[in-house]
Amino acid sequence: MRSIPLSILAALPTVLPALLAQPATAEDLVLEQAPSEIRIEAMPDGQMRIVNTTRRFETNLLATLADRQAVQHQLLAIEHRAELVEGTEIERQFGAGGVKVTAYPLSAAGKGGASFTIESPGDAVRVDGPYLTISHYGCCAEGGTDSIFSLETGRYLFNANGPGQAGDWVTIGARGGLENERILAYHLVPTPLDSLLFGDVENGAAIISYARRDRPLQRVALVAPQAVFDAGRELDWLPKAALTGPGQGEASDRLFIERSGSGAEIFDGITYRLSLDDATMIEIPVNADRLDIAGAKLPAGYRLVETPLEQPQ
């Protein structure tokens with residue numbers, strides 16, 4: 001389980017009173033139905049296509065970055081579609097799953113209009129405080145990956161894998177509240193989503209993302225030499241991420257900066273370290289609130305390239 005970032009702990013004195021002040025949910029506050037359905041289609045040779053669509057509602061509370069005195073109460077309409085083909089003469093085949101989540105504000109007056117809708121391929125979906133996690137399962141030699149979205153804005157933040165319930169994140173906090181928090185996460189190949197995430201980048205080995213909890217800030221792809229893939233070394237990576245910063249000794253998975261000012265002034269002089277194995281270490285400085293590609297230390301033959309912030313389609 002990930003530790004609670006210090007920036008969130010610092011915000012609790014303003015968040016908790018707002019939480020406690022929330023009125024009890026009134027009976028019949030939301031009168032909604034979310035029927036699930038299953039559709040079976042006959043195919044040649046006695047095969048069947050089965051499409052199972054499940055729907056549910058969840059409520060969610062989150063402190064907002066826009067107003068630290070406010071707590072956002074949401075109703076989330078969650079739809080998950082799973083598809084498979086099966087028959088007596090074939091092995092079961094799974095099709096592409098899909099997720100659709102629409103967020104509505106809730107108040108004592110009832111449900112408001114839709115704030116945003118998130119749509120993505122995916123095999124499972126989970127609400128985790130300020131984040132929506134859509135999981136993509138791996139198979140055989142492929143690992144899985146999680147797509148993380150902000151439940152405050154609906155923005156796609158990053159993909160992550162590695163150890164942890166939703167991948168391996170490290171966080172940086174600072175004085176000033178939740179807006180002064182940064183997240184660094186990695187996605188390593190091979191996964192079923194690689195062609196979408198890397199796009200035209202050839203020999204992509206990892207994507208390293210830099211984000212706030214409400215929006216992405218920067219994303220870079222780590223490109224490896226062809227020899228790495230020819231030897232199958234990516235299948236043996238055991239990644240570990242950590243941070244070092246001003247006045248800190250040992251590297252850690254979270255860092256708190258004792259500074260005030262703008263993001264460029266606070267998030268400076270920090271180093272993100274990603275160890276792929278005992279012999280392969282990636283070091284990327286965070287300077288002026290940016291991943292400093294030019295200042296990165298990389299193994300011979302590796303390089304970093306900027307990639308788009310938009311959600312891959």
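Annotations
- Out of 217, 157, one residue alone is open to solvent by 20 Å² or more (accessible area, probe 1.4 Å), closer than 23 Å to residue 286 by Cα and assigned to a strand (DSSP E or B). It is 217.
- Residue among 250, 258 that alone is under 21 Å from residue 178 (Cα atoms) and open to solvent by 70 Å² or more (accessible area, probe 1.4 Å): 258
- Yes/no for residue 152 being surrounded by fewer than 24 Cβ atoms within 10 Å (Cβ to Cβ), outside the structural domain of residue 233 (by the TED database), among the charged types (D, E, K, R) and within 21 Å of residue 54 (Cβ to Cβ): no
- Only one entry of 133, 171 meets the criterion of being assigned to a strand (DSSP E or B), in the same structural domain as residue 190 (by the TED database) and under 30 Å from residue 273 (Cβ atoms), and that entry is 171.
- Note on region 76-89: among residues that are β-branched (Val, Ile, Thr) and out of contact with any helix residue (DSSP H, G or I) (no Cβ under 8 Å at 6 or more places or on another chain), the one that is surrounded by the fewest Cβ atoms within 10 Å (Cβ to Cβ) is 85.
- Just one of the listed residues (115, 120) is open to solvent by 60 Å² or more (accessible area, probe 1.4 Å), at pLDDT 85 or above and within 26 Å of residue 178 (Cβ to Cβ), and it is 115.
- Summed over region 160-175, residues that are open to solvent by 10 Å² or more (accessible area, probe 1.4 Å) and more than 22 Å from residue 61 (Cβ to Cβ) total 6.
- Meets criteria (more than 16 Å from the chain's Cα centre (by Cα), assigned to a helix (DSSP H, G or I) and closer than 26 Å to residue 101 by Cβ) for residue 179: yes
- Residue 228 passes every criterion in (1) of a type outside the set (Phe, Trp, Tyr); (2) in a helix (DSSP H, G or I); (3) open to solvent by 60 Å² or more (accessible area, probe 1.4 Å); (4) touching a Ser or Thr at 6+ places or on another chain (Cβ under 9 Å) apart from (3).
- Of all residues making up region 129-167, the number that are in contact with a Ser or Thr (Cβ under 7 Å, 6 or more places away or on another chain), at pLDDT 95 or above and of a type in the set (D, E, K, R): 1
- Residues of region 91-112 that turn out to be part of a strand (DSSP E or B), loosely packed, with under 13 Cβ neighbours inside 10 Å and in contact (Cβ under 8 Å) with a residue 60 or more places away in the chain, as a count: 0
- Where a residue in region 225-252 is farther than 29 Å from residue 172 by Cα and its partner, wherever it lies, is assigned to a helix (DSSP H, G or I), with Cβ under 8 Å and at least six apart: 228/234
- Residue in region 256-273 that is in a strand (DSSP E or B) and free of Cβ contacts under 8 Å to residues at least 40 places away in the same chain present: yes
- When 245, 263, 204 are checked against the criterion of being modelled with pLDDT under 95, within 23 Å of the chain's Cα centre (by Cα), among the small types (Gly, Ala, Ser) and surrounded by 17 or more Cβ atoms within 10 Å (Cβ to Cβ), 263 stands alone in meeting it.
- Filtered residues of region 180-201 (kept if open to solvent by 10 Å² or more (accessible area, probe 1.4 Å) and more than 30 Å from residue 63 (Cα to Cα)): 188, 189, 190, 192, 193, 194, 195, 196, 198, 199, 200, 201
The values are calculated or read from the model by the stated rules, or taken from the named source; none is laboratory data. Just so we're clear, the structure is a prediction, and the values are computed from it rather than from any experiment. Don't worry about glycine lacking a Cβ; one is built from the backbone with ideal geometry, like all the others, and counts go over all protein chains shown. Please note that ligands, DNA and RNA were not included when accessible areas were found on the heavy atoms of the full protein model with its side chains. Shrake-Rupley method; radii C 1.70, N 1.55, O 1.52, S 1.80 Å.
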